[in-house]
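The values are calculated or read from the model by the stated rules, or taken from the named source; none is laboratory data. None of these values were measured; they are calculated from a predicted model. Here the Cβ positions follow ideal geometry from the backbone for every residue, glycine too, while neighbour counts run over all protein chains shown. Calculation scope for accessible area: heavy atoms of the full protein, side chains included, ligands and nucleic acids excluded. Shrake-Rupley method; radii C 1.70, N 1.55, O 1.52, S 1.80 Å.
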Amino acid sequence: NGGGGNPNPAPDPEEEVIITLPDPNSPDSPCKQLQNLLIPDPQNKKLVPNIRPQIRWLQGKVDEKVEYGVEIKKVINVNDDMVYTPTQVESESSSEVILYIGRLMMGWLHTHPKSGYGMFSFADVKFLKEGYEATLEENKAEIFTIIVCRDKIDPTKTNTYTLKIDDIAALGTKTDTIWNNPDYLSLNEKERFDAIHFVQGQEYHYYEDE
């Protein structure tokens with residue numbers, strides 16, 4: 001019976017621990033990129049995303065029974081300027097708004113109805129990952145998604161949440177692990193989403209009777 005000391009020695013209290021965080025003022029930082037989305041465009045030249053009017057439009061839709069959304073696309077206009085073009089989308093026959101991914105897309109916004117989730121759903125996160133993968137390389141740093149929804153504790157309040165990607169590999173691993181859970185493998189796509197969202201809904205659904 002040999003001894004060998006403690007295999008998990010206690011950390012040295014004198015040892016300095018350094019944590020490096022990204023500079024929030026760096027033009028490449030997610031915080032700075034999100035701030036840039038709010039730059040106003042008083043002359044409507046569309047040279048900046050200017051998403052504040054889109055957020056306000058969605059805030060007026062949170063009490064609807066269906067979802068509303070906005071797609072932000074980056075295109076080159078006739079003057080060879082890179083411009084941001086928002087498209088508002090209404091869902092008239094389904095609770096879920098249909099948004100599209102593609103090479104020119106760089107952002108999406110949508111509502112969750114009052115009877116929906118008070119946070120991003122799994123489908124929202126999976127959609128963001130697939131949107132990131134589908135867009136042009138030069139758009140990837142700007143990719144974002146936003147939801148506007150009622151607060152799940154105080155339904156008189158409206159919240160706006162944003163997601164950006166800084167590690168697509170990690171996000172892919174997380175979403176694939178959930179999507180490929182053995183419990184869901186026998187289900188079709190809709191059934192699989194429903195099963196995942198049922199688990200998520202235990203924490204984030206607004207009302208038990210809706």
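Of all residues in the stretch 102-129, count the ones that are more than 11 Å from the chain's Cα centre (by Cα), among the hydrophobic types (A, V, I, L, M, F, W, C) and assigned to a strand (DSSP E or B). So the answer is 2. On inspection, ASN44 qualifies as modelled with pLDDT under 90, exposed (fewer than 10 other Cβ atoms within 10 Å of the Cβ) and closer than 30 Å to THR87 by Cα. Scanning the stretch 77-101 for residues that are in a loop (DSSP other than H, G, I, E, B) and either in contact with a helix residue (DSSP H, G or I) (Cβ under 7 Å, 6 or more places away or on another chain) or within 27 Å of ASP194 (Cβ to Cβ) (or both) returns SER91, GLU92, SER93, SER94, SER95, GLU96, VAL97, ILE98, LEU99, TYR100, ILE101.
Residues are listed down the side, and each one gets a yes or a no for (1) open to solvent by less than 20 Å² (accessible area, probe 1.4 Å); (2) of a type in the set (S, T, N, Q); (3) in contact (Cβ under 8 Å) with a residue 60 or more places away in the chain:
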position	(1), (2), (3)
ILE143	yes, no, no
ILE146	yes, no, yes
ARG150	no, no, yes
ILE153	no, no, no
THR158	no, yes, yes
ILE165	no, no, no
GLY172	yes, no, no
ILE178	no, no, no
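Cβ separations smaller than 8 Å between residues 6+ apart or across chains give the following pairs from the stretch 31-47 residues that are on the phi > 0 side of the Ramachandran plot to residues that are in a loop (DSSP other than H, G, I, E, B): LYS46/ASN77.
Please enumerate the residues belonging to the stretch 180-204 that are assigned to a helix (DSSP H, G or I), surrounded by 13 or more Cβ atoms within 10 Å (Cβ to Cβ) and hydrophobic (A, V, I, L, M, F, W, C). Answer for the stretch 180-204, where residues must be assigned to a helix (DSSP H, G or I), surrounded by 13 or more Cβ atoms within 10 Å (Cβ to Cβ) and hydrophobic (A, V, I, L, M, F, W, C): PHE193, ALA195, ILE196.
Among the conditions (1) touching a strand residue (DSSP E or B) at 6+ places or on another chain (Cβ under 7 Å); (2) farther than 20 Å from ILE165 by Cα; (3) modelled with pLDDT under 85, PRO30 misses just one, which is (2). Selection over the stretch 84-100 of residues that are farther than 15 Å from LYS61 by Cβ and buried (at least 16 other Cβ atoms within 10 Å of the Cβ) gives a count of 1. Just a yes or no: is a residue in the stretch 52-61 modelled with pLDDT of 90 or more, open to solvent by 30 Å² or more (accessible area, probe 1.4 Å) and in a strand (DSSP E or B)? No. Tell me whether the stretch 105-128 contains one or more residues that are more than 28 Å from LYS65 (Cα to Cα), surrounded by fewer than 18 Cβ atoms within 10 Å (Cβ to Cβ) and of a type outside the set (S, T, N, Q). The answer is no; no qualifying residue exists. TYR132 fulfils the conditions (1) in a strand (DSSP E or B); (2) of a type in the set (Phe, Trp, Tyr); (3) touching a helix residue (DSSP H, G or I) at 6+ places or on another chain (Cβ under 8 Å) except for a single criterion, (1).
Screening GLU130 against (1) under 22 Å from GLN33 (Cα atoms); (2) in contact (Cβ under 8 Å) with a residue 40 or more places away in the chain leaves a single unmet condition, (2).
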